[in-house]
């Protein structure tokens, strides 16, 4: 019984680490998309998706006039938490001189 409880607590802790990593990666992808939107006419969604490692995927990238928002789905250790691990991050697009 104690082993099962320790295993559940360990899985929840690892899931928390994955959640935090997903939040960091979503923020990074949003800033990369914003950088591309500010400097070139390239595909913002492709740039945001390109910086995500295997296991993480961008379920949505939106370029909403002045900001880029990215929805990132992270890996799940505990079944049923897929919707909980969709993290949205946004970054402002700051126009740079060309």
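The values are calculated or read from the model by the stated rules, or taken from the named source; none is laboratory data. Being a predicted model, the structure only gives us computed values, none of them experimental. Quick reminder, even Gly has a Cβ in these numbers, built from the backbone with ideal geometry, and neighbours come from all protein chains shown.
General remarks:
- Given (1) in a helix (DSSP H, G or I); (2) within 11 Å of the chain's Cα centre (by Cα); (3) touching a residue at least 12 places away in the same chain (Cβ under 8 Å), number of the condition residue 90 does not satisfy: (1)
- Entry remark, segment 1-60: residues being touching a residue at least 12 places away in the same chain (Cβ under 8 Å), outside any helix (DSSP H, G or I) and out of contact with any strand residue (DSSP E or B) (no Cβ under 9 Å at 6 or more places or on another chain) number 3 in total.
- Considering residues of segment 61-74 that are surrounded by fewer than 16 Cβ atoms within 10 Å (Cβ to Cβ) and not in a strand (DSSP E or B) only, the residue modelled with the highest pLDDT: 66
- Looking across segment 61-77, the residues that are in contact with a strand residue (DSSP E or B) (Cβ under 7 Å, 6 or more places away or on another chain), more than 28 Å from residue 8 (Cα to Cα) and in contact (Cβ under 8 Å) with a residue 12 or more places away in the chain come down to 61, 66, 67, 68, 69, 70.
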